[in-house]
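Enquirer: Please see the structure below; I have some questions.
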Amino acid sequence: MSVFRKLLAGAVAAPLAIGLGVAAQAQTKPAPAAAKPDPDALAALNKMGEALRALNAFTLTADVTTEQVLDSGQKLQYGGDLKIEALRPSGFKIHMDFDHKEREIYYDGKSVTLFAPKVGYYASVPAPPTIAATVATISDKYGVEIPLADLFQLGVDPALTARIQSGFDVGPEKVGGVACEHYAFRQAAADWQVWIRSDGPALPCKMVITTTQDQAQPQYTAVMTWDDKAPAQAAYTFNPPANAHRITVADLSAAGATK
């Protein structure tokens, strides 16, 4: 495991492996019998991707809940907060503060840094000049997934849509008083749900991920709030505290090439 992945462990980075955990009695309409996505449900995902990509500057805050399954089968639930500030094309800062872990990720157009404030360790690597290229690079080379990054590629990356085995519109609901349309999808190893704003930009208000490859089916839930403002570019440069210690990073792609 790379240093980046060790630093990130427990911080909950959620790629597109999203979930379905609503009780059957809460559904406003049943899932269709056909094991394929409803075209309207896929169109809603693409529209959401377009709305996300249209945000040149944004601040996302999310109330996140995760589950841990003990060997006995008993589930423990943990809460946390996620904050993403981003300024296209070349700046973001991510703060993940969970019950037992705290992590920060900085990207300023030149380098990306992962910092663990409680233990004082950080790792930095050179990065491409755009957010999209940086997200792909640190995933491929260092095994680090940026939270919710795949959502921005819906409608652009055909591989994401190809993974969806079934999907349907559950119906209208409210999330924190905001009118949304609730959709449920299924793909290998995960069921997932997303609530998309009905009025204004089609931004996601809530996501639930159920890991179906685990018999206990633990869930990840994020309730999201969006703001179309973000700090200036200088805010995304990492300035290490006096007591912070830099550590080196292993390139997973280079290690694999030498085997």
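The values are calculated or read from the model by the stated rules, or taken from the named source; none is laboratory data. Because the structure is predicted, anything quoted here is derived from the model rather than measured. In this analysis, Cβ positions are derived from the backbone assuming ideal geometry, glycine residues included, and neighbour counts consider all displayed protein chains.
Enquirer: Given the structure, is Q193 of a type in the set (S, T, N, Q) and modelled with pLDDT under 95?
Expert: In short, no.
Enquirer: Can you give me the number of residues within segment 48-79 that are surrounded by 15 or more Cβ atoms within 10 Å (Cβ to Cβ) and of a type in the set (K, R)?
Expert: So the answer is 1.
Enquirer: Still on this model: Suppose we filter A116, A51, A123 for residues that are under 30 Å from Q217 (Cα atoms) and of a type outside the set (D, E, K, R); which single one remains?
Expert: A116 is the lone residue from the list that is under 30 Å from Q217 (Cα atoms) and of a type outside the set (D, E, K, R).
Enquirer: I would also like to ask the following. Inside segment 203-218, can you point out the residues that are within 17 Å of G80 (Cα to Cα), of a type outside the set (D, E, K, R) and surrounded by 20 or more Cβ atoms within 10 Å (Cβ to Cβ)?
Expert: C205, M207, V208, I209
Enquirer: Can you find, within segment 163-204, the residue that is nearest to W226 (Cα to Cα) among those that are aliphatic (A, V, I, L, M) and more than 19 Å from the chain's Cα centre (by Cα)?
Expert: Only one residue tops the list, namely V178.
Enquirer: What is the residue count in segment 158-177 for residues that are farther than 14 Å from D38 by Cα and surrounded by 18 or more Cβ atoms within 10 Å (Cβ to Cβ)?
Expert: 1
Enquirer: For segment 129-171, enumerate the residues that are assigned to a loop (DSSP other than H, G, I, E, B) and in contact (Cβ under 8 Å) with a residue 12 or more places away in the chain.
Expert: Answer for segment 129-171, where residues must be assigned to a loop (DSSP other than H, G, I, E, B) and in contact (Cβ under 8 Å) with a residue 12 or more places away in the chain: P129, T130, G143, V144, E145, I146, P147, L148, L154, G155, V156, R163.
Enquirer: Let me ask you something else. Where the second residue is outside any strand (DSSP E or B) and the first is small (G, A, S) and lies in segment 55-72, which pairs have Cβ atoms under 9 Å and are six or more apart or on separate chains?
Expert: A57/R88; A57/D228; A57/K229; A57/A230; A57/P231; A62/P147; A62/L148
Enquirer: Can you tell which of A189, A244, A232 is of a type in the set (G, A, S), within 19 Å of L148 (Cα to Cα) and touching a residue at least 12 places away in the same chain (Cβ under 8 Å)?
Expert: A189 is the lone residue from the list that is of a type in the set (G, A, S), within 19 Å of L148 (Cα to Cα) and touching a residue at least 12 places away in the same chain (Cβ under 8 Å).
Enquirer: Take the residues of segment 73-94 that are part of a strand (DSSP E or B) and without any contact (Cβ under 8 Å) to a residue 60 or more places away in the chain: which is farthest from L151 (Cα to Cα)?
Expert: Out of the qualifying residues, it is L76.
Enquirer: Go through P117, P126 for me and flag whichever is surrounded by fewer than 18 Cβ atoms within 10 Å (Cβ to Cβ), in contact (Cβ under 8 Å) with a residue 12 or more places away in the chain and under 26 Å from D227 (Cα atoms).
Expert: The conditions single out P117.
Enquirer: Exactly one condition in (1) touching a helix residue (DSSP H, G or I) at 6+ places or on another chain (Cβ under 7 Å); (2) buried (at least 18 other Cβ atoms within 10 Å of the Cβ); (3) among the β-branched types (V, I, T) is false for V194; which is it?
Expert: Of the numbered conditions (1) touching a helix residue (DSSP H, G or I) at 6+ places or on another chain (Cβ under 7 Å); (2) buried (at least 18 other Cβ atoms within 10 Å of the Cβ); (3) among the β-branched types (V, I, T), the odd one out for V194 is (1).
Okay, residues lined up against (1) closer than 20 Å to P126 by Cα; (2) of a type outside the set (F, W, Y):
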{"residue": "R53", "(1), (2)": "no, yes"}
{"residue": "L60", "(1), (2)": "no, yes"}
{"residue": "F92", "(1), (2)": "yes, no"}
{"residue": "E104", "(1), (2)": "yes, yes"}
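Enquirer: Something else now. For the structure I just gave you, tell me whether K206 is free of Cβ contacts under 8 Å to residues at least 12 places away in the same chain and among the charged types (D, E, K, R).
Expert: So K206 does not fit the description; no.
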